[in-house]
1. So if I check each of Thr119, Thr136, which one is at pLDDT 95 or above and surrounded by fewer than 24 Cβ atoms within 10 Å (Cβ to Cβ)?
2. With the structure loaded, tell me whether Gly58 is part of a helix (DSSP H, G or I), free of Cβ contacts under 8 Å to residues at least 60 places away in the same chain, in contact with a Ser or Thr (Cβ under 9 Å, 6 or more places away or on another chain) and under 22 Å from Gly186 (Cα atoms) or whether it fails that test.
3. If Phe98 satisfies every condition in (1) out of contact with any Leu (no Cβ under 7 Å at 6 or more places or on another chain); (2) in contact (Cβ under 8 Å) with a residue 60 or more places away in the chain; (3) more than 20 Å from Ala163 (Cβ to Cβ); (4) among the hydrophobic types (A, V, I, L, M, F, W, C) but one, which is the exception?
4. List the number of the failed condition for Pro73; all other conditions in (1) at pLDDT below 95; (2) over 21 Å from Leu152 (Cα atoms); (3) of a type outside the set (D, E, K, R) hold.
5. Of all helices (runs of 4 or more DSSP H) completely enclosed by region 112-191, which ones contain at least 3 residues that are within 20 Å of Ala55 (Cα to Cα)?
6. Of everything in region 18-49 that's assigned to a strand (DSSP E or B) and of a type in the set (A, V, I, L, M), which residue is nearest to Pro73 (Cα to Cα)?
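The values are calculated or read from the model by the stated rules, or taken from the named source; none is laboratory data. Model, not experiment: these values are computed from the prediction. A quick note on method: Cβ atoms are made from the backbone with ideal geometry, for glycine too, and the neighbour counts reach across all protein chains shown.
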Amino acid sequence: MTKPGDPRIAGVETRVIAKPQMALEAAAKVARAVGLPAHILSDSIEGEARDVGKAMAGIVRQIAVRDQPFAAPCALLSGGETTVTVRGRGRGGRNVEFLLSLGVALDGLKNVWAFAGDTDGVDGIEEIAGAILTPTTLEWAWAKGVRPKAALADNDGHSFFGALGDQVVTGPTLTNVNDFRAVIIGAPGVE
């Protein structure tokens, strides 16, 4: 452990060039530029990925059904790093676990799309940044014989989204400002 004054760190200068909040603000700016109201929920959401996904689904339903606390269409943006308590033997990371939990909880709710990914390009131990979720993800999975609840129970988000072709692979980004999540509810002109 180094301490101030340690000769091993003499002359070392550290500069923060990007923060999680900056990434969320940039995403909000892009959404607003195309006419989609964007709401930053937090840049430091933590907890079990599957629990965060389930909680996010509750917020999404409230917006989709009641226009509360925001009116649809809108984008919900968040960051932070969730965790996964591994119970199964599947392949996954915290972002695909979040998305799979969100998808199971939404159960095909129309007009909801989501993306979750790690800004360094690696979710878990595989070079898959994350994945996308669409209103037809569960329907498509069932048609292909892929069982969403079983995949979630086995911590197998990478295999789930891989079977659907919905993984996001960026390669290493050489930066890391936490995980990034975007949920779009009721995009104008899209069904």
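1. Going through Thr119, Thr136 in turn, the sole match is Thr136.
2. Answer is no for this residue.
3. Just one mismatch for Phe98, condition (3).
4. Evaluating Pro73 over (1) at pLDDT below 95; (2) over 21 Å from Leu152 (Cα atoms); (3) of a type outside the set (D, E, K, R) leaves (1) as the failure.
5. 148-153
6. Out of the qualifying residues, it is Ala38.
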